[in-house]
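*Asks:* This is the structure I want to talk about, given as structure tokens.
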Amino acid sequence: MSTTNKSSATDTRFSFEFFPPKTDVGVQKLALVHKQLALLNPDFFSVTYGAGGSTRDGTRQAVLNIHNSGSNAAPHLSFGGSSEQEIVSLINDYKSLGINRLVALRGDIPSGTGGTNSFYYANELIELIRRHTGDHFHIEVACYPEIHPKSDSFDSDIHYFKKKVDAGANSAITQYFYNPEAYFYYVESARAAGIEVPIVPGIMPITNYTSLARFSTNCGAEIPRWMRQRLQSYGDDTQSIQAFGIEVVTQLCEKLLEGGAPGLHFYTMNQDGPVSAIWNNLRLSEK
Ligand code: FAD
């Protein structure tokens, strides 16, 4: 099925990320969430790929459902424990289905593997994709304004980011952050290092403080102290947490767009409510 791309006058791009549901109820719920968010006419929806390839079929199915309902879909992809042959076959499969965008990652290494699983850095995956499918795919990569938790230094982070671009990445999506200065400084440093691709901020709406705090510790994203204090003060009052979250994340998005960010990529956590509220606050449908 052919798909249409939103092209705004300013070329600002917007995308929404889902994770593949594990149950039939989850699949039905995601179809409804996708339907709601498709009304906002984003450039594409991406679907994550579980650590170690654990969601290989689920990711493919969710991507197909999105693609078949008329939206552009971008599967995330990493080696996990798969062989090169398996990955090439998955890439060719996506190509034959008419998918033309991939998010290429090293992926998180599943716990309990004792580090014995073979894994490939993202630049190696990009080289493989380019070797087998030329320029067919627009390749997105991940980058980290607050630095990947395993990076040796800021400079080494930028160095390996550049390696992914040199291998053929077309654009990048950042890990989420709540400090816009971290993003602007990172973009400036990337430009100084010769990285010219668009760097799109990843935006995480706030719906649950406990899970956000846990996840942020793992992925190296900082929740500023003033936000932490405020969120903690709400205790179990989820309505207040969500209202505060929508307010601060709207302000963050405003600063990013005003400061020249080329778009926004929302980590939806398979919910349409918070993203739609932020979208409406930003009046993005009117632009
Ligand atoms: P790389 O770019 O390969 O970097 C990983 C680390 O190794 C960095 O510290 C880097 O500095 C270093 N490094 C990079 N290349 C080399 C090299 N050649 N030699 C030595 N060191 C090197 N995880 C999932 O499991 N599934 C997903 O779907 C998923 N989607 C994501 C989407 C986005 C937008 C983001 C920001 C993250 C996502 N992640 C996902 C998390 C991501 O997989 C982890 O952060 C992972 O630890 C790193 O992946 P990467 O592609 O950035 O790795």
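*Asks:* Which one of these does residue 176 not meet: (1) more than 13 Å from the ligand (Cβ to nearest atom); (2) in contact with a Gly (Cβ under 8 Å, 6 or more places away or on another chain)?
*Replies:* Just one mismatch for residue 176, condition (1).
*Asks:* Next up: Can you tell me which of 264, 257 is buried (at least 18 other Cβ atoms within 10 Å of the Cβ) and touching a Phe, Trp or Tyr at 6+ places or on another chain (Cβ under 6 Å)? Can you show your working first?
*Replies:* Numbers: 257 fails: touching a Phe, Trp or Tyr at 6+ places or on another chain (Cβ under 6 Å).
Sole residue among the options that is buried (at least 18 other Cβ atoms within 10 Å of the Cβ) and touching a Phe, Trp or Tyr at 6+ places or on another chain (Cβ under 6 Å): 264.
*Asks:* Could you please find all residues in the range 49-79 being crowded, with 21+ Cβ neighbours inside 10 Å and within 11 Å of the ligand (Cβ to nearest atom)?
*Replies:* Of everything in the range 49-79, those that are crowded, with 21+ Cβ neighbours inside 10 Å and within 11 Å of the ligand (Cβ to nearest atom) turn out to be 49, 52, 53, 55, 59, 74, 75, 76, 77, 78, 79.
*Asks:* Filtering the range 10-30 down to residues that are under 30 Å from residue 261 (Cβ atoms) and among the hydrophobic types (A, V, I, L, M, F, W, C), which residue is nearest to the ligand (Cβ to nearest atom)?
*Replies:* The extreme case among them is 19.
*Asks:* Still on this model: Can you give me the number of residues within the range 85-132 that are within 13 Å of the ligand (Cβ to nearest atom), in a loop (DSSP other than H, G, I, E, B) and either modelled with pLDDT of 95 or more or within 23 Å of residue 159 (Cβ to Cβ) (or both)?
*Replies:* Going through the range 85-132 one residue at a time, the tally reaches 8.
*Asks:* Is there any pair with a first residue in the range 179-191 that is touching a residue at least 24 places away in the same chain (Cβ under 8 Å) and a second that is surrounded by fewer than 17 Cβ atoms within 10 Å (Cβ to Cβ) and assigned to a helix (DSSP H, G or I) whose Cβ atoms are under 6 Å apart and which are 6 or more apart or on different chains, and what are they?
*Replies:* 180/255
*Asks:* Mind listing just one residue for me: the one in the range 268-287 that is part of a helix (DSSP H, G or I) and among the polar types (S, T, N, Q) and, of those, nearest to residue 202 (Cα to Cα)?
*Replies:* Looking only at the range 268-287, we keep the residues that are part of a helix (DSSP H, G or I), and these are 273-281, 284-286.
Subset that is among the polar types (S, T, N, Q): 276, 280-281, 285.
Values: 276: 16, 280: 18, 281: 18, 285: 19 Å.
Filtering the range 268-287 for residues that are part of a helix (DSSP H, G or I) and among the polar types (S, T, N, Q), the one nearest to residue 202 (Cα to Cα) comes out as 276.
*Asks:* Could I ask something else about it? Please work out which residue is surrounded by the fewest Cβ atoms within 10 Å (Cβ to Cβ), limiting yourself to the range 80-110 and to residues that are closer than 13 Å to residue 48 by Cα and hydrophobic (A, V, I, L, M, F, W, C).
*Replies:* Among those residues, the one meeting the criterion is 105.
*Asks:* For the range 158-267, give me every one of the helices (runs of 4 or more DSSP H) that falls completely inside it and has 2 or more residues that are within 22 Å of residue 15 (Cα to Cα).
*Replies:* 180-192, 209-219, 238-258
*Asks:* A further question on this structure: Tally time: how many residues in the range 143-173 are within 8 Å of the ligand (Cβ to nearest atom), surrounded by 14 or more Cβ atoms within 10 Å (Cβ to Cβ) and of a type in the set (S, T, N, Q)?
*Replies:* Summing the residues that are within 8 Å of the ligand (Cβ to nearest atom), surrounded by 14 or more Cβ atoms within 10 Å (Cβ to Cβ) and of a type in the set (S, T, N, Q) in the range 143-173 gives 1.
The values are calculated or read from the model by the stated rules, or taken from the named source; none is laboratory data. Being a predicted model, the structure only gives us computed values, none of them experimental. Positions of Cβ are generated from backbone atoms using ideal geometry, with glycine treated the same way; all protein chains shown enter the neighbour counts.
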